[in-house]
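> Would you mind keeping the following structure in view while I ask a few things?
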């Protein structure tokens with residue numbers, strides 16, 4: 001009885017696969033160097049919006065900064081520091097926000113001025129000054145590869161902007177209020 005049941009099940013499976021195949025059958029012959037392998041591009045699964053992942057394509061982990069809807073393209077890449085804060089090139093972010101930016105090499109101080117706002121940050125210091133009032137950050141501006149980097153969130157908020165991080169897109173969005 002078992003043998004008959006087994007034969008019926010195998011026959012049923014074979015008939016159902018021929019009637020409506022749910023997957024492609026590839027005939028791979030030993031020693032033929034891969035002949036018979038389907039190398040056509042993948043097609044998306046229904047409901048995925050037409051996207052197909054490519055495991056050989058490098059993942060873009062670079063950090064993007066968008067200021068008032070415009071993507072910045074600084075000559076040096078932003079990075080996330082040990083405090084988990086996005087550091088961006090000072091001049092690129094300051095000028096994108098419409099500020100006059102200055103650098104004092106003697107004191108290692110950056111100054112960002114815009115319509116009633118003056119923000120001063122010193123390399124390596126977690127305290128900074130906004131319109132004469134001292135404030136504290138959980139990280140500090142740094143010099144990396146000869147360039148001055150500042151924490152985007154603290155500069156943006158000091159200039160009365162909304163700052164949002166999109167972790168899935170590795171993007172900082174800065175919007176003037």
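> From largest to smallest, what semi-axes in whole angstrom does the range 64-176 give when each is the square root of 5 times an eigenvalue of its alpha carbon gyration tensor?
Here the semi-axes work out to 19, 16, 14 Å.
> To continue, here is another question. With a ≥ b ≥ c taken as the square roots of the eigenvalues of the C-alpha gyration tensor of the range 112-177, please select rounded if a/c is under 1.5 and otherwise prolate if a/b is larger than b/c or oblate if it is not?
oblate
> Continuing with the same structure: Which order results if 3, 118 are arranged by neighbouring Cβ count within 10 Å, fewest first?
Going from least to most buried by this count: 3, 118.
> Using only the Cα atoms of the range 72-135, what do you get for the radius of gyration and for Dmax, in Å?
12.1, 32
> When a footprinting reagent is the concern and you count Cβ atoms within 10 Å, what order do 176, 134 take, fewest first?
Lowest to highest Cβ neighbour count: 134, 176.
> Also, quick follow-up: If you take every DSSP beta bridge fully contained in the range 64-176, what fraction is antiparallel? Give it as a percent rounded to 5.
Antiparallel bridges: around 90 percent, rounded to the nearest 5.
> Subtract the Cα-Cα distance of residue 157 and residue 100 from 0.36 nm times their separation in residues, and report this length gain in nm to one decimal.
Roughly 18.9 nm would be gained on extension.
> On to the next question. Of 70, 102, how do they rank once you tally other Cβ atoms within 10 Å and put the fewest first?
If I rank by nearby Cβ atoms, fewest first, I get 70, 102.
Each value in this text was obtained by applying a stated rule to the coordinates, not by laboratory testing. Given the structure is predicted, the values throughout are model-derived calculations rather than measurements. A quick note on method: Cβ atoms are made from the backbone with ideal geometry, for glycine too, and the neighbour counts reach across all protein chains shown.
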